[in-house]
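The structure appears right after this line, and notes come after that.
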Amino acid sequence: MTAQRALLLVCLVFALREPLLWGLTPPLHAPDEAAHFDVVERLEQTHTLPVLNPECVRGDYYSEDARTLLGALVNPVVFHPSVPLPPLSDLKLSETPAARSASGCNYVAIYPPVYYAPAALADTLATHTTFPQRLAAVRASGLVWGLLAVACALLCGLLWLWDARGGLLVGLAVALQPMAGFLFASVSNDGPVMRMRRRRQPRLGPAGPRAASLVRARGRVRPGRPEQAQLHPAPPGRRLRRPARR
């Protein structure tokens, strides 16, 4: 097998798999999809990115149509997966310019903006359609990033294993990876970011009164996340003293 055939096979497998994930994932049910789509809509409408200030980053200002879909499709099934979703045809969206107006001010405004360029282009091509159809078009733009990811994986396999079959195995491993495929099939730039770099997750201590006492003794509580206390180890050569018993 040649490298060209291996690349063609990997891209074909990924391209055939992604539309299945598009259809299986209801609108706005992917991680942070409403927030990412709001940034895409702002970029398509104003051709500018959100202003990075504390009020914007800490905000949660979605468009009126997005709030309607969240209230009808997402909020009723949170922690209740057995609740059936209503048909999209039953949802009445105003689809007016005021209802479509997006500010992009939310917690993903600080994410790398390169992902949103092809997404905004897809949104522009579908600008005269309904909200679910625009969302589907923006989801389809993630196929570009997915194909780049599997092509880079195959290239890394070729350089590492010096064999087209080895590169094919590495490329298929990425193309069939469940989480990566799910993120590339949704409006989320977590997929490209996951493929480019790995983040070291902090160690989180237990929650509860005992954890709170340990945090007061050993370190700090993460700002805004009291339920997930991050325990900082004591400095080298220094031990914590236990309180004396009475």
I'd like the Karplus ³J(HN,Hα) series for region 9-23: coefficients 6.51, -1.76, 1.60, θ = phi - 60°, whole numbers in Hz, and an x wherever there's a Gly or Pro.
5, 5, 5, 5, 4, 5, 5, 7, 7, 5, x, 5, 6, 4, x
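Using DSSP to define loop residues, name the trypsin sites (Lys or Arg not before Pro) in region 50-128 whose beta-carbon has at most 13 other beta-carbon atoms within 10 Å.
Details: sites: Arg58, Arg67, Lys92, Arg100; in loops: Arg58, Lys92.
Loop-located and lightly packed - Arg58, Lys92.
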As an exercise, identify the chymotrypsin sites (Phe, Trp or Tyr not before Pro) in region 54-158 lying in DSSP coil whose Cβ has no more than 13 other Cβ atoms within 10 Å.
Phe79, Tyr107
On a C-alpha basis, how far is the centre of region 1-72 from the centre of region 169-191 in Å? Whole number, if you could?
13 Å
Give, as ranges by residue number, the residues of region 110-127 whose backbone N falls under 16 Å from the point 7 Å along Cα→Cβ of Val57.
110-113
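At a 10 Å Cβ-Cβ cut-off, how would you order Leu73, Leu85, fewest neighbours first? Walk me through the numbers before you get to the answer.
Values: Leu73 18, Leu85 13.
With the sparsest Cβ surroundings first, the list reads Leu85, Leu73.
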Net charge dipole size for region 3-196 [Lys, Arg +1 and Asp, Glu -1 on Cβ; Debye, nearest 20]:
500 debye
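All of the numbers you see were taken from the coordinates with simple rules; none came from a lab. Values in this document were obtained by computation on a predicted structure and should not be read as measured data. For neighbour counting, all protein chains shown are included, and Cβ atoms are generated from backbone atoms with ideal geometry for every residue, glycine included.
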